[in-house]
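**Student:** Below is one structure. I have some questions about it.
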Amino acid sequence: VLIAVALLFSRSLTRPIHTCVQAMNRLAQGDLTAQVALSRSDELGELSKSIDASIAGLRELVGRLNANSTTLVASAQTLKQTAHGQAAAAEQTTAQAH
């Protein structure tokens, strides 16, 4: 009976830890959709919530970086067009001055 209780207790700890490890491995591979989603009220539940919150924060950060990089590309293209326009105007001014 003690061995059975020990096995059950052991599994009640190792399975949630394994679930957390799997989520972290998926995150390490770049999967920002990974979730642990354990509904426990102990330390393993707190760990699960922390991992899920960290992944959600990273997902939000990557989304903001993507949006900012899109804005930056658009701004760079506008700046490039402005520079080309100014260069053309400078060439015309130089030609007129000569």
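The values are calculated or read from the model by the stated rules, or taken from the named source; none is laboratory data. These figures come from a predicted structure and were not determined experimentally. Note that each Cβ is placed from the backbone with ideal geometry, even for glycine, and that neighbours are counted across all protein chains shown. Keep in mind that these areas ignore ligands, DNA and RNA; they rest on the heavy atoms of the full protein, side chains included. Shrake-Rupley method; radii C 1.70, N 1.55, O 1.52, S 1.80 Å.
**Student:** Expressed as a whole percentage, what fraction of the accessible surface of the chain belongs to carbon and sulfur atoms when a 1.4 Å probe is rolled over the protein heavy atoms?
**Tutor:** Values: 4750 of 7740 Å².
Of the solvent-accessible surface of the chain, carbon and sulfur hold 61 percent.
**Student:** Quick one: 3J(HN,Hα) in Hz for the stretch 21-33, Karplus 6.51/-1.76/1.60 with θ = phi - 60°, rounded, Gly and Pro as x.
**Tutor:** With coefficients 6.51, -1.76 and 1.60, one gets 4, 4, 4, 5, 5, 5, 5, 4, 8, x, 7, 8, 9 Hz.
**Student:** Find which of Ala88, Leu32, Thr70 sits farthest along the positive direction of the dipole of the chain, computed with +1 on the beta-carbon of Lys and Arg, -1 on that of Asp and Glu, about the Cα centre.
**Tutor:** Positive-end residue among those listed: Leu32.
**Student:** I've got another one for you. For the chain, what is the accessible area per residue in Å² when the probe is 1.4 Å? Before the final figure, lay out each step's value.
**Tutor:** Numbers: 7740 Å² over 98 residues.
Roughly 79 Å² per residue, with all protein chains present.
**Student:** Please list the equivalent ellipsoid semi-axes of the stretch 54-98, computed as the square roots of five times the alpha-carbon gyration tensor eigenvalues, in descending order and whole angstrom.
**Tutor:** After diagonalising the Cα gyration tensor, the semi-axes are 43, 5, 4 Å.
**Student:** While we're on this one: When the Debye formula is applied to the Cα atoms of the chain, each taken as the same point scatterer, what base-10 log of I(q)/I(0) results at q = 0.25 Å⁻¹?
**Tutor:** Debye intensities relative to I(0), on a log10 scale: -1.17.
**Student:** Still on this model: Report the residues of the stretch 1-23 in range of a label on Glu43: point 7 Å along Cα→C-beta, backbone N strictly under 19 Å from it.
**Tutor:** Taking a point 7 Å out along Cα→Cβ of Glu43, the residues of the stretch 1-23 whose backbone N falls under 19 Å are 6-22.
**Student:** Where the only charges are on Cβ atoms (+1 Lys, Arg; -1 Asp, Glu), what is the dipole of the chain about its Cα centre, to the nearest 20 debye?
**Tutor:** Roughly 200 debye, rounded to the nearest 20.
**Student:** What angle, in degrees between 0 and 90 and rounded to the nearest 10, separates the Cα long axis of helix 43-97 from the longest principal axis of the Cα atoms of the chain?
**Tutor:** For 43-97 against the chain, the angle is about 10 degrees.
**Student:** Roughly how many whole Å is it from the C-alpha centroid of the stretch 22-46 to that of the stretch 55-98?
**Tutor:** 39 Å
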